[in-house]
Structures are given as C-alpha cells and as structure tokens.
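Notes follow once the structure below has been shown.
The values are calculated or read from the model by the stated rules, or taken from the named source; none is laboratory data. The structure displayed is predicted, hence computed values, not measured ones. Glycine also receives a Cβ, built like all others from the backbone with ideal geometry; neighbour counts cover every protein chain displayed. Protein only, heavy atoms only, side chains kept; ligands, DNA and RNA dropped before computing areas. Shrake-Rupley method; radii C 1.70, N 1.55, O 1.52, S 1.80 Å.
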Amino acid sequence: MSERPRLTVLSGPSGVGKSTVVAHMRKEHPEVWLSVSATTRKPRPGEKHGVHYFFVTDEEMDKLIANGELLEWAEFAGNRYGTPRAAVLERLEAGEPVLLEIDLQGARQVRDSMAEAHLVFLAPPSWEELVRRLTGRGTEPPEVIERRLQAAKIELAAEREFDETLVNTSVEDVARELLALMDVV
C-alpha cells in the first residue's frame, strides 16, 4: 500500500495563470481532484455553481467560518473565498491526489493547519508579463486592476515561503511539472 497522497497547494499572484494551468492539467489527468472553493463573489460569465465555485451569501460564508468548516479562507478584492475542509480530507483519505488552487493568504493557512501539504508557487516569466495579463482581462474596472497589481507585488515577495517554484512560461510545461510533483505521471 503506497502512502496517502499529500495535498498540493498551487498559489501565486493574481493573473499568473493558475486556473489556466489547472484546467489544462485536469483535461489530461481528470483523476486529479481540484477542490472547489466557496466564494461570496458574483459569478463571471460562464462560471457554474458547484463546478467553478460554490457561490454563497455573506451569511452562509459567516457560518462556514464560524463552524470551522473551511480549511482556509481569505478576503480578496472585496470578496471572501474559502476551501471546504471535509471534501479535501475525504479525497485524501480515499487516496486521491488533491490540488488546491488558492491565494497566498490561503496557502499560509493551509501550511499552518496541514504541515504535510506541498506548497507550489507559480511565478510569472516577468513582472511586465504579469501586468499585461492583469490588465488584458478586460473584465474588471481600473480600481480593481490597481488593487490586483498592488497585491501581486506583495504576493511575488512571498515566493520563498513555498516548497517549490514553477515559472509559467508554457501552460503545457507547467502542467506537466505540477503532475510530476504530485506523482501523477
């Protein structure tokens, strides 16, 4: 019997391409279970409840936090996000590789509550590329973009807190490296 897979946490600055890498990876390896976060944010076009996020009210989020039902949670750009604890633990117990795609605050909370988790930092090829990605989305007003850029500077400085760093020069390469780190390939 092999040892239980450990939790892999993928984090990095906003706009670095975390969700793109994860989507590519899961297309090739659907057996990797990606935790679905709860959020108080309104859905973006095309996002589905229970698939991309569990969209919850502020009151529902308050309850999840108060009852200790979240492995981690954070507030970002005026919205709260959190990882439901029970689902992650069930998948790990079942021997499935589990991936969390979360922000820096969340990664720190996971490190504190699950020391065995493997923290992976996704870095942009350059600051200029990150700025291009953050401003090129076209889905957010300028003040939100400015907040994201300020947050990204702080998030980039936290790279040394992670076990590994992957540089997102190619979605395919990073997805392959991440799968190798998770012992899936």
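Tabulated data
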{"quantity": "Candidate set: region 132-151, residues that are open to solvent by less than 40 Å² (accessible area, probe 1.4 Å) and of a type in the set (Val, Ile, Thr); chosen: the one farthest from residue 13 (Cα to Cα)", "calculated": "144"}
{"quantity": "Residues (touching a Lys or Arg at 6+ places or on another chain (Cβ under 6 Å) and closer than 20 Å to residue 167 by Cβ) located in region 93-118", "calculated": "101, 118"}
{"quantity": "Residue match in region 60-75 (condition: closer than 25 Å to residue 173 by Cα and out of contact with any helix residue (DSSP H, G or I) (no Cβ under 7 Å at 6 or more places or on another chain))", "calculated": "no"}
{"quantity": "Members of region 13-38 found to be in a loop (DSSP other than H, G, I, E, B), on the phi < 0 side of the Ramachandran plot and open to solvent by less than 30 Å² (accessible area, probe 1.4 Å), listed by number", "calculated": "13, 14, 16, 32, 35, 36, 37"}
{"quantity": "Matching helices (runs of 4 or more DSSP H) fully within region 42-161 where at least 3 residues are small (Gly, Ala, Ser)", "calculated": "104-113"}
{"quantity": "Matching option when the condition is modelled with pLDDT under 90 and in contact with a Pro (Cβ under 8 Å, 6 or more places away or on another chain), among 51, 36, 32", "calculated": "32"}
{"quantity": "Residue list for region 152-163, filter: among the small types (Gly, Ala, Ser) and open to solvent by 60 Å² or more (accessible area, probe 1.4 Å)", "calculated": "157"}
{"quantity": "Complete set of residues in region 164-181 that are open to solvent by less than 30 Å² (accessible area, probe 1.4 Å) and in a helix (DSSP H, G or I)", "calculated": "174, 175, 178, 179"}
{"quantity": "Test result for residue 55, free of Cβ contacts under 8 Å to residues at least 24 places away in the same chain and not basic (Lys, Arg)", "calculated": "yes"}
{"quantity": "Single condition residue 183 does not satisfy, out of (1) of a type in the set (Asp, Glu); (2) touching a Pro at 6+ places or on another chain (Cβ under 8 Å); (3) within 20 Å of residue 83 (Cα to Cα)", "calculated": "(3)"}
{"quantity": "In region 57-79, residue least open to solvent (accessible area, probe 1.4 Å) [restricted to those that are in contact with a Ser or Thr (Cβ under 6 Å, 6 or more places away or on another chain) and more than 17 Å from residue 104 (Cβ to Cβ)]", "calculated": "61"}
{"quantity": "Filtered residues of region 104-131 (kept if surrounded by fewer than 16 Cβ atoms within 10 Å (Cβ to Cβ) and more than 20 Å from residue 177 (Cβ to Cβ))", "calculated": "112, 113, 115, 116, 127, 128"}
{"quantity": "Criterion: basic (Lys, Arg) and open to solvent by 70 Å² or more (accessible area, probe 1.4 Å) - qualifying residue of 91, 41", "calculated": "91"}
